[in-house]
Every structure is written in structure tokens, then in C-alpha cells.
Amino acid sequence: ETSKYRSLAGFSSVLFVVLSLVKVFLSQSPEAACLSAEDISPSSNGPRDDDPDDLFAEATEEVSLDSPERQPILSDGPSPAITPVTPVMISPRVDVFDRSPDQDEDEEENRDTFDIQISVSDPEKVGDGMNAYMVYKVTTKTSLSIFSRDEVCVKRRFSDFLGLYSKLASKYMHMGYIVPPAPEKSIVGMTKVKVGKEDLSSVEFVEKRRSALERYLLRTVKHPALLKDPDVLQFLESSELPRAVSTQALSGAGILRMVNKAADAVNKMTIKMNESDAWFEEKQQQFENLDVQLRKLHASVESLVCHRKELSVNTASFAKSAAMLGNSEDHTALSRALSQLAEVEEKIDQLHQDQSYADFYLISELLGDYVRLITAVKGVFDQRMKAWAKWQDAQVMLQRKREAEAKLQYANKPDKLQQATDEIREWEGKVQQGERDFEQISKNIRREVGRFEKDRVKDFRVVIIKYLESLVHTQQQLIKYWEAFLPEAKAIA
Amino acid sequence: MMQEGLDDGPDFLSEEDRGPRAVNVDLQTDATLQVDISDALSERDKVKFTVHTKSTLPNFKQNEFSVVRQHEEFIWLHDSFVENEEYAGYIIPPAPPRPDFDASREKLQKLGEGEGSMTKEEFTKMKQELEAEYLAIFKKTVAMHEVFLCRVAAHPVLRKDLNFHVFLEYNQDLSVRGKNKKERLEDFFKNVVKSADGVLVAGVKDVDDFFEHEKTFLLEYHNRVKEASAKSDRKIRSHKNAADDINRIASTLYTLGTQDSTDLCKFFLKVSELFEKTRKIEARVAADEDLKLADLLKYYLRESQAAKDLLYRRGRALVDYENANKALDKARAKNKDVLQAETTQQVCCQKFEKISESAKQELIDFKTRRVAAFRKNLVELAELELKHAKGNLQLLQSCLGVLKGDT
């Protein structure tokens, strides 16, 4: 049980110091090269859900002040696993205006402006046969200073996007950042395109992919840390990109799966993480539930898309048969009315088709995106457990080293004693680092989840309202068509 | 299994269907003979119809009475008309289709088996829907049996048929059993022979323009109605499937709404509520299309077949007449059995002319009935579609208003 208190004590005391430092940081412009989240939180100027005070409230008061070795250490440096990044000068008061193509301006929120527009367009097939691939034009329009120009156009292929994701995931996921996953690979879809089938299904496939790639990029740059990542900048700006090789076998989801598998293995090793923070347990459960329901919803919506397409086809087929019936009907007025009915049904078939596109592109794709995003969120929670396990392991090692040193003291072997003392110091450092990392990732996750939830609320609201508007339009059209038909039916004499 | 009174449960059919449930045909109700099905009971594998008659005709012992009949007895009545030579010149009202609850029963059974795998709300909801479906099928089969009786009652000649009166009045079991295997096989062969004969007969060119036109018209019309009927069924099934999906979406949204920790919870609950309501409307749209369009087409499929049968009988009589003429000529030439040939020829002539006369009227009536029925149903269909679309629109707009106001 002391481990629980230890982590609590460490957590709360470290946090206190860290956060007071954060406040200091925020009042000056940072010169650090690090990408710790405090500096570039988009909501650093706006209202924050995860206020430092909230975090504090959750940490319990119980502090069993242990050994003096546990000096509060400032966790202001980057975790050693990050490759140092070239310093980037951005004042925290960047106006970040959250604008994705699906959203309108939201004046109520005191959000900063986020002035960047990305579009993925003009899919082009390059090459022939099985070596062919699609190339997309990626256009970035922005006034942000990190970009070298106001408007940049580059050509990218699908594996480039996967390559970008895999780089970002390996850099940031273990820090607790939720890295938006890239779209899924599709062997069937791509083969059709490669083989050169110019039919409706391959056109739809390319459009679906183009749209998914666009959403992927927008989500990526919406993340304040990722926006400034040099790999992202290079992706958006440089005309030549080194070919991403390892993506041949891996997709975004593939990488996540690998990472999560490793995390699962870790979970099996650590019998139970002594969760000091109910927030994490609660959130994990919530995301678990959300995952289940979103998948269910996604499946139902996909079924709806399918049935509506079917309805459209069957309505068109019925329209034809009604026209034929009208032709053979020998009563003139009834014949005309039946032809009119056929016309109405034809128009309705088009309506159904349009509606099914709305079902798909608005709702189904959004749900698919979120199912993948939640996998990323779960991955991040697992990373935290991994960090905790690493810290615990270091503590165990330290204990062992201390015991070994004690033994050597009795055995009176001065040469080995020195080595043992050195090792103790080494492992003390590792324990402190482990604790720092754990606390850093925990803090990052809290912030990330707060941001994620805000975005989720916004995304769903906007999309669902848009969807309902499409349904309204459909009904209005239906009314128009049937109102035009009614007098025709009444005219049958 | 389920015992249903007719007016139990939700009124699945539109409000217009009260009183004589003659949904597909426009019929005059005549005070001298009014027939309807006042009640029906669904038992394990059969349906019992209560046939209620009100009549001022002297043939009946009372002015108002009821009997209980089953489907086989309707078929017996229909077949007795078909086999009656006297009625060869009339369009015999098509027999009602057999009550078919198999699909619905199967679904209810599957639901019962799968009870453990779904939440209580889901189970109750699905059970309610399947029960509503069962009820709808039930109401439809009642309507179709009723229409048959009403058509017979409205026909100036058929309504006087003795078998019909027995059917209406005899309050004991008619002991009409369903056909056994041998008889069904016989029927099958009879049909084969008939259709082969029909082709031959149809090949005979008719001097009468009216009938020649009717022949061509009916053949094409019948086929096209068949097409349209099949296609409309498929369309309506897709519509029902889409409505089912919306039902599931509504349920999942509800769960999401109860679980979500953000502001979205209220949002999801509101949208879930909306979809519950719109789904009900979508289901009604599908049901009304089924009633006003699909059933109409199915009915006229059967009626046009009955009209074709009439033409066949007339064609057969024509061929017999022409053959009798040829036989008479031959007899006269040989001067052998002339009298016999003359009698045969006269009989055939009379038969043919009798059929022709009534057939003409029947076919004209058929057209009138058809036009009236289509008009009625198409108007009602358009009105119902409008009503439902407006209902849907209102729900959507009011929900949108609330949701947009919340943000």
C-alpha cells in the first residue's frame, strides 16, 4: 500500500511545483525547445476544463512523506525518448480559430483563431496495372508564420499519409498525445482502381478516400503540437517527400494494433495498476462504453446506407414498371396519371440516392473516424500504464540494488561496493525519471482528453444538425412532388 | 396462438378504412343484400371469419344473420362459380389468397428464441412491432375475403346463386375439405391443358373488334400489372428495412445519450426521440404504400386474370361454334345426322352469343371498376404521402429548432 501513497505524494507535490512553474512559463514567452503541452495548449487563453485546480482536487491529501531521496523534481524537460526538435517561436497567445470545412464560426466560444485550410483534391492515377497508384493534390492555405508561404500545393500518395501518421505516432503517442489515425488501407478498393475499372464503385472509392484523407489532415493540424511538427510541415510544404517504405505492410490502424498489443502484454504483466486517480479509471470506462456504442451505431448506419441505396434502385425499377403499365392502360386519363406516378417515383428514387450519400458522408464516415480515434485514445491510456509499469520496475530494481549494496557492506568488498553505489545512483535517477514521465503523460492525457471531448461534442453537433437538415430537405422535396401529383390523380374521370 | 378481435390494437390501417372494407374496389352497397365480415379469429393454423349478412330478399329466413366460415369454404364457393356453365359469360370475382401468417409467425418465434440476447426495451419494442405486423396481415386477409363476398353480392346474377346463399346462411360447417393430393394434381394438369388450349384459342382471330382489342389489351395489361406488383413489393420491403435501421439507430443513440458525460447526452437523447417518431412515420408510409398501391396492383392482377379467363371461355365457345358449323356443313353435304348437327350447332351458337353479350358488359364494367379503384387509391396514396411527409417535416424542423437553440 505504500506504493499508492508514494505515487500520490509524488504526484501531488510534483504537480504543485510543476504547475506553479507552468504559470510562470505562461507569463513569459517560452524559449524552450520542448514540446511539453503547457506551452502550446490552444485553450491556454480560453476556458479550460482541466484546470490545474481540478487536477489538484482529485489528488488526495494523504501524504506519507517518505524518504528524503524523493526530492520533487521539475519535469520541464522533454522525455528522453523524444528527438529534440528545432526551436519554434510561437507565442502562446496564438489565435487559433478552429475551422474545419464542416464547422461554422462559433462566436460564443472564446477560442483563438486557427487560420489554416487544407484540401485534398484532384485524384490522379499514375502508372498502370498493379504498380499504379493514386496521387492527390494537397493544398494548404494559411497565414500562420510557421509556414513558409501563404499557399502551398503538393502532390502526395496514400502511403505518404500513412508514413506521416507512423512518424507522428512513434514520436507522440508515448507522451500521451492522441494522434489522429490515418485512413485504412483497402486492398480490394485499390485493386479495382489499379486494374482500371472506371465504374461507379471505384469512383466512389476514390472519393471516399479523398474525403477521408482530407479529414485526417485537418484533424492532425488541429492538434496544436502536431501542427508545429516538422514532419507535418514537411508533408504539407515540400515538393519532394522521401518514400515511406514501412507503410507497405502497416496502416494507421495496423500501427495502433501493434502498439496496443504491446500494451496488452504489459497489462498482463502488471497484475493491477494501483490507480491513484479515479479520473483515469472513470474516463477509461467511459471510452470503453463509447467505443461499444459507436461501433454499434456505425453498423446500423452502414446498414441504413445499404438499404437506402436498395430502396433507390427498387424505386427506379418500380417507376419503369409503372410507366409501362401506364402505356398499356387504355383509359386515357388513368394512363396519364400512371405515367405521372412513374415520373414522381423516378424523382423520389433520386432523392433516396442523394439521402443515402448524406447518410454515408455525413454520419457513417464520422462514426468510422471516431471509432478509429477512440482506439487511439485507448492506446494513449495504455501508454500511461506502460509508463507506470516502467516506473514501478525501476523502483523494484532500485530496491534490489540497495539490498545488494547492503549485503556487500557486510561482506566487506570495497571495490564492488563502489560499483553498487554507482548503480544505486543510476537507478535512483531512473526512478525519478520514471516518475516524471508518468506524471507528464498523465497530465498530457488529461489535457488531450479534454481537448478531444470538446472536439467530439462540436463535431457531432455540427454533423448531426447538418444531417437533420438534409432530412428536412428530402421531406420538403417529397411534399413538392406529391402535391404536383395529387391533382393528376384527382383528374382521372 | 394469438386471438385477435378486429379492432384490437393500434389502428395500423389509415383512418379511411372504416365500414365496408372494400379498399381496392369501388362498390355500391345495396340495401337488398349487404355482406361484410364483422369479426375474425386467428387460431393456430386457420382463420375463422364471421360473415354477417343483412338482406331484405325473400330467399333468406331472417333479415340479419351471421355464420362462421373458413378460407376453404370461400375457395369452394369460388370454384363452384367457375365450374358453373351458366356463369361462363361473367368475370368471376377472384378468390381471396390464403391467409399466410407463416413469415410473421416465424419472426415471432425467432424473437422468442433470441430474447436472452437483447435488452428488455429492445425486446419489448421488437415484440410490439411484430405484433403490429401480424395484425396488419390479419386485417389485410380479412379485407380480401370481404371484398370477394362484396363483389359477389354486388353482381346482379351471382348474388342470386344458391351456393352463395347457402354459404351466407347455413350455420353449420359446410364440410368442405381442402383438396387432397390427387385432386390437386388433377387441378394442376387441368391448368396445364387449359393454358395450352388458351394459347390455341387466343390464336383464333376474332371478327369482333371490341373483343379483339380486349384480348390484346388484357394480355399486355396483365403482364404489366404483374411486373408492377412485384416491383412495388420489393420497393416497400426496402422501405421497411430502412425503417428498421432507423429504429436501431434510435435505440443506440438513446444508450449513448444515457452514457455520455459531455453535453452531447441531451443532444443524443433528443435525436433518439426524433428518430423514434420519424421511424414510426416511415413505417406508416411503407404500410400505406402497401395498402394503396401494392394491394391494388395485386388485386387487379387477379381480376385481370379472371377477365382473361372469361375471354378464354368465350374463345372456347367460339371455336366450338365454328366447329359445329363445319360439322353441320359436312353433315348436310353427306346428308347424314343433319338434325343432330343442327341441334348441336344451335346450342353452340346460343352459348356463344350468350357469353359474348354478357362478356361485353362485364368487360366494360371491369374497366369502369378499374378506373374508379385506381383513382380512389392513387388519390388516397398521394394524400397519405403528403400527410406523412408533412408530419415528418414538422418533427424534424421542431427538433432542429431545439438543437440549434441549445448550442
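Key figures
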quantity	calculated
Largest-first principal axis extents of the Cα set of the stretch A:346-423 (Å)	97, 14, 9
Using alpha carbons only: equivalent-ellipsoid semi-axes of the stretch A:200-245, gyration tensor based, whole Å	25, 15, 7
Nonlocal amide H pairs with A:Asp115, under 5 Å, H built at 1.01 Å	A:Phe97
Members of the stretch A:325-347 that become less accessible by 20 Å² or more once partner protein chains are added (1.4 angstrom probe, chain alone as reference)	A:Leu325, A:Ser328, A:Glu329, A:Asp330, A:His331, A:Leu334, A:Leu338, A:Leu341, A:Glu345
Rough spin-label spacing in nm, given labels placed 7 Å along Cα→Cβ, for B:Glu353 and B:Val338	2.2
Of the trypsin sites (Lys or Arg not before Pro) in the stretch A:135-197, those whose Cβ has at most 12 other Cβ within 10 Å and which sit in DSSP loop	A:Arg149
Sulfur and carbon atoms: percent of accessible area, the stretch B:110-256 [1.4 Å]	58
Stretchable slack from A:Arg295 to A:Lys390, in nm (0.36 nm times residue separation minus alpha-carbon distance)	30.9 nm
Accessible area (Å², 1.4 Å probe, nearest 10) - A:Val126	50
Relative compactness, chain B, computed as alpha-carbon Rg over 2.2 N^0.38 Å	1.25
Rounded FRET efficiency, nearest 0.05, which uses the C-beta distance separating A:Glu275 from A:Ser335 and R0 of 60 Å	0.20
Stokes-Einstein D in µm²/s, Kirkwood radius over Cα pairs - the stretch B:254-297 at 20 °C with 1.002 mPa s viscosity	177
Residues whose placed amide H lies under 5 Å from that of B:Val47, excluding near-sequence neighbours	B:His71
For chain B, the longest site-free run once trypsin sites (Lys or Arg not before Pro) in DSSP loop states with at most 16 other Cβ atoms within 10 Å are removed	B:206-335
FRET E, pair A:Asp115, A:Ala484, Förster distance 41 Å, beta-carbon r, rounded to 0.05	0.30
Calculated FRET value between B:Gln128 and B:Lys46, using beta carbons and R₀ = 25 Å, to 0.05	0.50
Filter on B:Lys298/B:Lys387; B:Lys160/B:Lys367; A:Lys320/B:Lys292; A:Lys347/B:Lys376; A:Lys490/B:Lys404; B:Lys140/B:Lys376 - keep pairs with C-alpha separation over 29 Å	A:Lys490/B:Lys404
Point-to-point label distance, A:Asn327-B:Val68, nm (Cα→Cβ direction, 7 Å offset)	5.2
Measure of compaction for the stretch B:130-182 (Cα Rg per 2.2 N^0.38 Å)	1.51
Above-threshold pairs, the threshold being 28 Å between Cα atoms, out of B:Lys205/B:Lys330; A:Lys443/B:Lys270; A:Lys208/B:Lys231	A:Lys443/B:Lys270; A:Lys208/B:Lys231
Shape metrics for the stretch B:59-138, restricted to C-alpha atoms - Rg then Dmax, Å	20.7, 62
Cβ neighbours within 10 Å from other chains - mean over B:392-399	5
Between A and B, accessible area buried - total, square angstrom, nearest 100, 1.4 angstrom probe	5500
Rg ratio (alpha-carbon, reference 2.2 N^0.38 Å) - the stretch A:407-469	2.43
Percent accessible area from carbon and sulfur atoms, the stretch A:402-465, protein chains only, probe 1.4 Å	52
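The values are calculated or read from the model by the stated rules, or taken from the named source; none is laboratory data. Since the model is a prediction, treat every value here as computed from it, not as a measurement. With ideal geometry, Cβ positions are generated from the backbone for all residues, glycine too; neighbour counts draw on all protein chains shown. For accessibility, only protein heavy atoms count, side chains too; no ligands or nucleic acids. Shrake-Rupley method; radii C 1.70, N 1.55, O 1.52, S 1.80 Å.
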